[in-house]
Amino acid sequence: MIVRMNEVKTSDARATAAAAPQARKVFIKSFGCQMNVYDATRMGDILEGEGYGQAASPEDADLVVLNTCHIRERASEKIFSELGKLREMKEERALNGQAMQIAVAGCVAQAEGNEIIRRQSAVDIVVGPQSYHRFPELLSKAARRSGVVDTDFPVVDKFQTLQTPSPQRLRGRGYSAFVTVQEGCDKFCTFCVVPYTRGAEMSRPIASILDEVRSLADAGVREITLIGQNVNAYHGDDAGRVASLGDLIERVAALPGVERIRYTTSHPRDMDDRLIAAHRDIPQLMPYLHLPVQAGSDRILAAMNRKHKAQEFIDIIARVRAARPDIALSSDFIVGFPGESDVDFEATLALVREIGFASAYSFMYSQRPGTPASDMDGQIEAHVKQERLAVLQELLEQQRQAFNRATVGQILPVLFEKKGRHAGQAIGRTPYLQSVHVEDAEALIGTIASISIEGTWPNSLKGRIVTHERSAAHGSMQTTNA
C-alpha cells in the first residue's frame with residue numbers, strides 16, 4: 001500500500017479545554033497515513049486514562065510519543081533525527097530536575113525494535129502498532145528501567161481492550177472521524193513493508209465497530225471514514241457469520257446521526273460485487289473511491305506482485321461507474337519501479353488518460369530494506385524517476401483541475417468542519433473531498449448545507465450559501481436562492 005506522506009500533530013483542543021487540569025501531559029507527533037492518525041488518537045485516549053492531558057508542544061510534555069511510518073525511504077533516519085532533538089531536550093530538562101519520557105510507536109518501532117534503543121539510549125519505550133494498548137503497563141516498566149520494547153503481535157486483539165474515550169475527548173474529534181476496521185495485509189506487493197510491520201489481515205467484529213461509531217455519532221461526528229491497510233478485504237464477524245465491507249457499510253449507515261461514510265485504502269482484487277452495489281444503494285456512502293493501481297504496465301504490475309492486470313483495473317472502474325455514475329476516482333502511482341522502461345511508463349500515462357482521476361498520489365519508487373523489490377535488478381536512476389514523476393504529476397494535476405472546474409455551477413452538499421482565515425468564513429468538504437471556502441458560514445460548522453460552487457482556487461473551491469436549511473448529506477436536494 002502506498003499512502004500520502006503527510007505529517008500531522010495530534011491535538012484535541014476542545015477536549016483539553018473541557019477537561020480538568022492534568023498533572024502530567026503528553027505530546028503525540030504522528031507521521032504518515034490515516035491509520036497512524038487513528039492510532040495516535042487512541043493512544044491519547046489510553047493515556048488520558050493514565051492521567052495525561054494534552055501538551056501543546058514537546059517542551060511542555062512529560063511524555064513525547066513519536067508515532068512513526070515506515071513506508072517512505074529514509075523514514076528511520078528522519079525519526080532518529082527527531083530523537084536527537086528530543087534527547088537534547090530531555091538532558092536539559094534533567095539538569096533542571098524535570099523528568100521526560102520518550103516513546104517511539106508505529107511501524108518504524110515495529111521494524112527497528114531494539115535497534116532504536118541501541119542507537120538512541122534516551123528512548124524509554126518502543127512499541128509496535130499492535131501493542132500500544134499496553135501503554136499503561138509499558139509506562140510502569142519504564143518507570144523502573146529505560147529501554148522497554150514491545151513489538152509482539154499479541155494473542156489478544158488490541159481492540160478487545162481499548163475502552164470508550166471520555167465524552168470530552170469524543171467531543172474533541174470534530175465532525176468527521178476515522179475508525180479502523182481492518183489491519184494488516186496479505187498481498188505482499190514487492191515494494192511494500194506493510195505485511196512485515198502490520199502483520200496479516202485482521203478484521204474487527206462488526207459489533208465492536210458499531211459501538212465505536214455509535215459513540216462518535218452521539219458526540220456529534222457526522223462523517224465516518226472506515227480505514228484499513230486493505231480495507232475492502234474486511235471479513236469481520238457478525239454474530240457468527242462473516243461480513244464483507246459492503247455489509248459493514250450498510251450496518252453503519254443504519255446508525256442514527258451517521259450522514260456520510262467513506263472508506264480507504266482498497267485493493268483492486270477485493271473490489272467485489274457487494275461493495276460496488278453499496279455505492280449504488282447506500283446514499284450515505286460518498287461518491288468517492290480511492291483505489292490504488294500503482295502502474296499501467298502489466299509487466300510492472302506483475303513485478304510488483306499486484307495480482308491484477310491493467311485491463312482488469314479498467315474493467316473494475318467501469319463497473320463502479322455503472323453503479324454510481326457521479327463517482328470521483330483517486331489512486332496511487334509509483335514511477336521508476338525496478339525495470340520500468342519508457343514503454344512501461346507510457347502505459348501508465350495511457351491508463352491515466354483513459355480513466356481520468358479527480359485526485360491521485362504519485363511517488364518515485366524508493367527501496368525499502370527487506371522487501372523483494374529492493375534487491376531486484378534494473379534499479380532506475382534518480383534523474384529518470386524525477387523526470388517521469390514530473391510528467392505524471394502534470395497530467396494528474398490537469399485532470400484534478402478539470403474535475404474541480406466541472407463542479408462550478410453545481411449545488412453540492414458541504415459538510416462544514418472548521419473556521420476559515422477570514423471573519424465569518426467556514427471551510428467544509430464536498431462529497432468528492434474537495435475543500436470549499438464559504439463566507440458568512442461560520443454558523444454552519446457541524447452541519448451540512450447546500451452550497452453553490454462559484455469558482456476554483458488551486459487547491460480549493462469557492463462557494464456561496466444557497467440555503468441555510470440543514471440538508472441531508474446525500475440524495476437529491478431541494479434548494480432555494482438566498
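The values are calculated or read from the model by the stated rules, or taken from the named source; none is laboratory data. Values in this document were obtained by computation on a predicted structure and should not be read as measured data. Every residue, glycine among them, receives a Cβ derived from its backbone with ideal geometry; neighbour counts consider all protein chains shown.
Given the criteria buried (at least 16 other Cβ atoms within 10 Å of the Cβ) and more than 30 Å from LEU461 (Cα to Cα), does PRO338 qualify?
On the way: buried (at least 16 other Cβ atoms within 10 Å of the Cβ): yes; more than 30 Å from LEU461 (Cα to Cα): yes.
Against the criterion (buried (at least 16 other Cβ atoms within 10 Å of the Cβ) and more than 30 Å from LEU461 (Cα to Cα)), PRO338 qualifies.
Could you tell me whether VAL436 is modelled with pLDDT of 95 or more and within 22 Å of the chain's Cα centre (by Cα)? Lay out the reasoning, then the answer.
Details: modelled with pLDDT of 95 or more: yes; within 22 Å of the chain's Cα centre (by Cα): yes.
Yes.
Which residue, of LEU301, LEU275, LEU255, is part of a helix (DSSP H, G or I), aliphatic (A, V, I, L, M) and farther than 20 Å from ILE327 by Cα?
Numbers: LEU275 fails: farther than 20 Å from ILE327 by Cα; LEU255 fails: part of a helix (DSSP H, G or I).
Exactly one of LEU301, LEU275, LEU255 is part of a helix (DSSP H, G or I), aliphatic (A, V, I, L, M) and farther than 20 Å from ILE327 by Cα, namely LEU301.
Select from segment 282-314 the residues that are among the β-branched types (Val, Ile, Thr) and closer than 22 Å to ASP377 by Cβ and list them in ascending order. Before the answer, list the steps.
First, the residues of segment 282-314 that are among the β-branched types (Val, Ile, Thr): 282, 293, 300, 314.
ILE300 - this is the single residue of segment 282-314 that is among the β-branched types (Val, Ile, Thr) and closer than 22 Å to ASP377 by Cβ.
Quick check on segment 357-408: of everything there that is small (Gly, Ala, Ser) and outside any helix (DSSP H, G or I), which residue is nearest to ILE327 (Cα to Cα)?
So, considering only residues that are small (Gly, Ala, Ser) and outside any helix (DSSP H, G or I), the one nearest to ILE327 (Cα to Cα) is ALA358.
Among the residues in segment 109-118, are any surrounded by 15 or more Cβ atoms within 10 Å (Cβ to Cβ) and closer than 19 Å to ARG24 by Cα?
No, every residue in segment 109-118 fails to be surrounded by 15 or more Cβ atoms within 10 Å (Cβ to Cβ) and closer than 19 Å to ARG24 by Cα.
Looking at ARG321, ARG280 in this structure, which one is of a type outside the set (S, T, N, Q) and touching a residue at least 24 places away in the same chain (Cβ under 8 Å)? Can you show your working first?
Values: ARG321 fails: touching a residue at least 24 places away in the same chain (Cβ under 8 Å).
Sole residue among the options that is of a type outside the set (S, T, N, Q) and touching a residue at least 24 places away in the same chain (Cβ under 8 Å): ARG280.
Please verify whether ARG306 is out of contact with any Phe, Trp or Tyr (no Cβ under 8 Å at 6 or more places or on another chain), without any contact (Cβ under 8 Å) to a residue 60 or more places away in the chain and either in the same structural domain as LYS187 (by TED's automatic domain parsing) or among the basic types (Lys, Arg) (or both), treating the condition exactly as stated. Step through it out loud before you land on a result.
Working: out of contact with any Phe, Trp or Tyr (no Cβ under 8 Å at 6 or more places or on another chain): yes; without any contact (Cβ under 8 Å) to a residue 60 or more places away in the chain: no; either in the same structural domain as LYS187 (by TED's automatic domain parsing) or among the basic types (Lys, Arg) (or both): yes.
So ARG306 fails the test.
Kindly indicate the residue of segment 358-410 that is surrounded by 13 or more Cβ atoms within 10 Å (Cβ to Cβ) and among the charged types (D, E, K, R) and also farthest from LEU291 (Cα to Cα) among those meeting that condition.
GLU387
Looking at segment 59-72, can you tell me whether even one residue there is assigned to a helix (DSSP H, G or I) and either touching a residue at least 60 places away in the same chain (Cβ under 8 Å) or among the basic types (Lys, Arg) (or both)?
Restricting attention to segment 59-72, the residues satisfying the condition of being assigned to a helix (DSSP H, G or I) are 59-60.
From what is left, the residues that are either touching a residue at least 60 places away in the same chain (Cβ under 8 Å) or among the basic types (Lys, Arg) (or both) are none.
The answer is no, given that none of the residues of segment 59-72 is assigned to a helix (DSSP H, G or I) and either touching a residue at least 60 places away in the same chain (Cβ under 8 Å) or among the basic types (Lys, Arg) (or both).
Mind counting the residues in segment 419-463 that are in contact (Cβ under 8 Å) with a residue 60 or more places away in the chain and at positive phi?
So the answer is 2.
Tell me, please, whether a residue that is small (Gly, Ala, Ser), in contact with a Ser or Thr (Cβ under 8 Å, 6 or more places away or on another chain) and either modelled with pLDDT of 95 or more or buried (at least 18 other Cβ atoms within 10 Å of the Cβ) (or both) can be found in segment 277-296. Talk me through it step by step, then tell me what you get.
First, pick out the residues of segment 277-296 that are small (Gly, Ala, Ser): 277-278, 295-296.
Adding the requirement that they be in contact with a Ser or Thr (Cβ under 8 Å, 6 or more places away or on another chain) leaves 295-296.
Subsequent filtering for residues that are either modelled with pLDDT of 95 or more or buried (at least 18 other Cβ atoms within 10 Å of the Cβ) (or both) retains 295-296.
Yes, there is a match, as at least one residue in segment 277-296 is small (Gly, Ala, Ser), in contact with a Ser or Thr (Cβ under 8 Å, 6 or more places away or on another chain) and either modelled with pLDDT of 95 or more or buried (at least 18 other Cβ atoms within 10 Å of the Cβ) (or both).
Answer yes if at least one residue in segment 70-85 is under 23 Å from LYS418 (Cβ atoms), at pLDDT 85 or above and acidic (Asp, Glu), and no otherwise.
At the first step, the residues of segment 70-85 found to be under 23 Å from LYS418 (Cβ atoms) are none.
For segment 70-85, residues under 23 Å from LYS418 (Cβ atoms), at pLDDT 85 or above and acidic (Asp, Glu): absent.
Looking only at residues in segment 228-270 that are under 25 Å from ILE445 (Cα atoms) and in contact with an Asp or Glu (Cβ under 9 Å, 6 or more places away or on another chain), which one is surrounded by the fewest Cβ atoms within 10 Å (Cβ to Cβ)?
Looking at residues that are under 25 Å from ILE445 (Cα atoms) and in contact with an Asp or Glu (Cβ under 9 Å, 6 or more places away or on another chain), I get PRO256.
Go through segment 116-139 and give me each residue that's in contact with a strand residue (DSSP E or B) (Cβ under 9 Å, 6 or more places away or on another chain) and closer than 25 Å to CYS192 by Cβ. Outline the logic, then answer.
We begin by selecting, within segment 116-139, every residue in contact with a strand residue (DSSP E or B) (Cβ under 9 Å, 6 or more places away or on another chain); these are 116-117, 120, 122-132, 134-135, 137-139.
Residues satisfying the conditions are ILE116, VAL126, VAL127, GLY128, PRO129, GLN130, SER131, TYR132.
Filter segment 147-200 down to the residues that are of a type in the set (D, E, K, R) and within 17 Å of the chain's Cα centre (by Cα), then identify the one that is modelled with the highest pLDDT. Spell out how you get there, then give the answer.
Going through segment 147-200, the residues of a type in the set (D, E, K, R) turn out to be 150, 152, 157-158, 169, 171, 173, 183, 186-187, 198.
In the following step, the residues that additionally are within 17 Å of the chain's Cα centre (by Cα) were identified as 173, 183, 198.
Details: ARG173: 82, GLU183: 90, ARG198: 82.
Among residues in segment 147-200 that are of a type in the set (D, E, K, R) and within 17 Å of the chain's Cα centre (by Cα), the one modelled with the highest pLDDT is GLU183.
Examine segment 411-430 for a residue that is acidic (Asp, Glu), surrounded by fewer than 20 Cβ atoms within 10 Å (Cβ to Cβ) and either in the same structural domain as ALA449 (by TED's automatic domain parsing) or more than 23 Å from SER331 (Cβ to Cβ) (or both), and state whether such a residue exists. Break it down stepwise before answering.
Keep residues of segment 411-430 that are acidic (Asp, Glu), which gives 417.
Applying the additional criterion that residues be surrounded by fewer than 20 Cβ atoms within 10 Å (Cβ to Cβ) yields 417.
So of that shortlist, the ones also either in the same structural domain as ALA449 (by TED's automatic domain parsing) or more than 23 Å from SER331 (Cβ to Cβ) (or both) come out as 417.
Yes: segment 411-430 contains one or more residues that are acidic (Asp, Glu), surrounded by fewer than 20 Cβ atoms within 10 Å (Cβ to Cβ) and either in the same structural domain as ALA449 (by TED's automatic domain parsing) or more than 23 Å from SER331 (Cβ to Cβ) (or both).
Filter segment 208-226 down to the residues that are of a type outside the set (A, V, I, L, M, F, W, C) and either not in a helix (DSSP H, G or I) or not assigned by TED's automatic domain parsing to the domain that holds ASP238 (or both) and list them by number.
So in segment 208-226, the residues of a type outside the set (A, V, I, L, M, F, W, C) come out as 208, 211-212, 214-215, 218, 220, 222-223, 225.
Passing the criteria: GLY220, ARG222, GLU223, THR225.
Which one of these does ARG421 not meet: (1) at pLDDT 95 or above; (2) closer than 30 Å to GLU259 by Cβ?
Among (1) at pLDDT 95 or above; (2) closer than 30 Å to GLU259 by Cβ, the lone unmet condition for ARG421 is (1).
Would you mind listing the strands (runs of 3 or more DSSP E) fully within segment 98-201 where at least 1 residues are without any contact (Cβ under 8 Å) to a residue 40 or more places away in the chain and in contact with a helix residue (DSSP H, G or I) (Cβ under 8 Å, 6 or more places away or on another chain)?
101-106, 125-127, 148-150
Determine whether GLY356 is under 21 Å from SER266 (Cβ atoms) and of a type in the set (Gly, Ala, Ser).
Values: under 21 Å from SER266 (Cβ atoms): yes; of a type in the set (Gly, Ala, Ser): yes.
When the stated conditions are applied, GLY356 passes them.
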